[in-house]
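Data first, discussion second: the structure below is written as structure tokens.
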Amino acid sequence: MTSGVDLSRPQAQTVGSDEDVVRVRQLVRTVAVAVKLSLVDQTKVVTAASELARNTLVYGGGGTVEVTAVDNGRRPGITIVFADSGPGIADLELALTDGYTTGGGLGLGLSGARRLVDDFDIQTAPGQGTRITITKWSR
Amino acid sequence: MALSTDESGRLADLLTSRVDRVIQRWTEVVGEQLRGRLSQAELLRQVQELHRALVDALGKGAVDLAAEEATELRAVLAELSRGQARQGFSATETATGVFALKDALLSAMEDDQSTRTLRDYVAFAAMVDQMGLFTFESYVHTREGLIADQAEQLLELSTPVVKLWEGVVAVPLVGTLDSARAQVVMERLLQTLVDTGSPYAIIDITGVPAVDTQVAQHILKTVVAARLMGADCIISGIRPQIAQTIVALGIEFGDIATKASLADALRHVLRLTGVESGRRQSRREA
Ligand SMILES: Nc1ncnc2c1ncn2[C@@H]1O[C@H](COP(=O)(O)OP(=O)(O)O)[C@@H](O)[C@H]1O
Ligand SMILES: [Mg+2]
């Protein structure tokens with residue numbers, strides 16, 4: 001598949017609208033295909049990205065997403081960083097609890113996204129914004 | 001940059017005293033650009049109308065396009081761009097229709113050798129620039145409206161609710177199920193349930209590339225609303241990768257029936273109705 005995406009560099013996408021969330025999904029799908037993730041893993045990482053990008057939009061008040069094709073020497077993968085300078089998350093453990101939501105959602109975005117990927121790192125503090133890094137390795 | 005009152009008066013004079021020259025050169029330049037895509041008569045009509053509106057505005061004392069006295073001129077410009085946008089002219093072609101006035105002014109001023117001429121030309125040209133940019137904006141505005149209309153039509157097109165069988169309606173979802181579309185789907189489905197009096201609805205998600213919690217929540221809400229109206233929903237078209245993702249996310253569809261394919265879902269419903277009519281029959285027999 002010709003992607004039109006330069007894999008040697010991180011691809012950035014701003015997140016300021018619902019359409020941007022769709023763009024993030026498409027970008028992630030393209031890179032996931034390029035690094036040869038299986039269909040199941042593609043779907044998992046695209047879905048995780050959809051959750052986190054929507055959180056960036058809804059709770060973070062918008063932000064940026066960066067998608068990078070990576071390689072740890074043994075296998076290729078995809079790393080995605082979601083960053084916003086919104087209110088941050090005061091109680092991270094609570095936010096990561098299944099079913100917890102402050103926005104009338106299902107409360108499964110953060111916790112579910114963590115289960116869908118291999119590496120999940122979150123840096124957040126009240127007033128400091130939120131920065132989440134996820135990686136999915138090809139197997 | 002506004003014209004001075006003097007400049008505005010001189011521009012009006014120039015446009016009226018050299019009206020033939022101006023109109024001739026103006027239509028010539030635009031005609032070259034559009035190369036027959038607009039009839040000569042239509043082109044002349046547009047140019048004359050613009051010319052009249054401009055002279056009119058200047059005559060009333062307009063010193064720039066934003067002026068109160070230029071209301072009519074703005075309306076004429078907007079109407080012109082709207083028409084061109086709808087007829088598929090490009091933004092450049094549309095704006096050129098206005099910018100060509102510069103050529104026409106230059107040719108009308110050629111005979112005049114006074115030193116004032118250059119300064120006047122620059123001032124007049126600035127006014128034409130304003131008009132051109134305004135045209136451009138109106139054009140873009142119209143195009144955006146057209147695109148929004150098309151998107152809405154697509155929205156309607158892409159969410160057909162079909163009657164699959166007596167008492168069974170189905171809605172095949174294709175593509176991205178954003179909130180706007182989810183809303184349309186839900187309303188359509190519920191309306192069709194009412195119109196057909198169907199007790200069963202099948203929501204097929206074969207064409208949805210990713211089911212995240214937002215999509216799931218929309219589906220769950222639709223199912224609950226259908227239930228309140230006495231109808232049962234079945235979700236079909238759950239491909240293996242979607243099933244695994246839904247499980248990992250932790251989404252629970254509870255007691256909602258889910259099937260791998262639309263055919264499976266229909267079979268399931270027919271079996272249910274078969275059992276029911278069977279039951280009813282046996283009751284009658286008893
Ligand atoms: N980027 C973010 N900035 C601030 N708060 C967030 C962010 N992401 C998530 N949260 C908080 O964590 C909660 C749980 O998020 P999530 O699991 O995605 O569920 P939901 O989106 O359904 O509310 C949210 O309701 C919100 O309070
Ligand atoms: Mg969420």
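Derivation of every value follows stated rules applied to the coordinates shown; laboratory data play no part. Here the structure is a predicted model, which is why all the values come from computation and not from measurement. Ideal geometry is used to build each Cβ from the backbone, glycine not excepted, and the neighbour counts take in all protein chains shown.
Side notes on the structure shown:
- Positive-end residue, the stretch B:5-155 charge dipole about Cα centroid, Cβ charges, pick of B:G36, B:I147, B:A67: B:G36
- Counted by neighbouring Cβ atoms within 10 Å, the residues B:R25, A:R75, B:R82 run from fewest to most as A:R75, B:R82, B:R25.
- Note on chain B: helix-only mean residue ellipticity at 222 nm, from DSSP H runs of 4+ residues weighted -39500 (n - 2.57) and normalised by residue number, equals -23000 deg cm²/dmol.
- Rounded tilt (10° steps) of B:240-249 against the dominant C-alpha axis of chain B: 90 degrees
- Cα gyration tensor, the protein assembly as shown - rounded (a/c under 1.5), prolate or oblate: prolate
- Top of B:D178, B:D255, B:D103 by mean-square fluctuation, Gaussian network on chain B, Cα under 10 Å: B:D255
- Using θ = phi - 60° and Karplus 6.51 cos²θ - 1.76 cosθ + 1.60, couplings along the stretch A:27-33 (whole Hz; Gly, Pro as x): 5, 4, 4, 4, 5, 4, 5
- What the phi angles of the stretch B:19-24 give under the Karplus curve with 6.51, -1.76 and 1.60, with θ = phi - 60°, is a coupling list of 3, 5, 4, 4, 4, 4 Hz, glycine and proline written as x.
- Residue-averaged beta-carbon neighbours from other chains (10 angstrom radius) around B:217-224: 1
- Relative contact order of the stretch B:162-276, defined on C-alpha pairs under 8 angstrom at six or more residues apart (%): 26 percent
- For B:T206, nonlocal amide neighbours, meaning residues 5 or more places apart or on other chains whose placed amide H falls under 5 Å from its own, are B:L173.
- The residues packed around A:Q123, meaning those with a beta-carbon under 13 Å from its beta-carbon, carry a net charge of -1 if Lys and Arg are +1 and Asp and Glu are -1.
- Charge dipole of the stretch B:1-97 (Cα centre as origin; +1 on each Lys and Arg Cβ, -1 on each Asp and Glu Cβ, all else neutral): 380 debye, rounded to the nearest 20.
- Expected 222 nm ellipticity per residue - DSSP helices of 4 or more, -39500 (n - 2.57), all of chain A, to 500: -11000 deg cm²/dmol
- Global form of the stretch A:11-137, assessed from the alpha-carbon gyration tensor, a/c cut-off 1.5: prolate
- Look at the alpha carbon pairs under 8 Å that are at least 6 residues apart: their mean separation over the length of the stretch B:36-110 gives a relative contact order of 19 percent.
- Dipole of the protein assembly as shown, positive direction: furthest Cα of B:A85, B:T222, A:S17, with charges on the beta-carbon: B:T222
- Cross-link partners of B:K259 among aspartates and glutamates (Cα-Cα below 15 Å; sequence separation of 8 or more within a chain): B:D204, B:D232
- Shape of the stretch B:1-110, Cα gyration tensor, a/c cut at 1.5: oblate
- Magnitude of the charge dipole, the stretch A:11-137, Cβ model with Lys/Arg +1 and Asp/Glu -1, debye to 20: 440 debye
- For A:K36, the lysines whose Cα falls under 26 Å of its own Cα, not counting residues fewer than eight places away in the same chain, are A:K44, A:K136.
- Mean separation of Cα contacts under 8 Å, 6 or more apart, over the residue count of chain A: relative contact order %: 26 percent
- C-alpha long axis of helix B:40-59 to longest principal axis of chain B, angle in °: 70 degrees
- For the stretch A:67-126, trypsin sites (Lys or Arg not before Pro) meeting the loop criterion (DSSP other than H, G, I, E, B) and having at most 10 other Cβ atoms within 10 Å: A:R74.
- Principal-axis tilt of helix B:179-196 within chain B, Cα atoms, nearest 10 degrees: 50 degrees
- Each of A:W137, B:W26, B:W165 was scored by other Cβ atoms within 10 Å of its Cβ. Listed from fewest to most, they are B:W165, A:W137, B:W26.
- Spin-label model distance (nm) - B:S17 vs B:A151, 7 Å beyond Cα toward Cβ: 5.2 nm
- Dipole orientation for the protein assembly as shown: of the candidates A:G63, A:L39, B:V174, A:L39 has the Cα lying most toward the positive pole (charges on Cβ; Lys, Arg +1; Asp, Glu -1).
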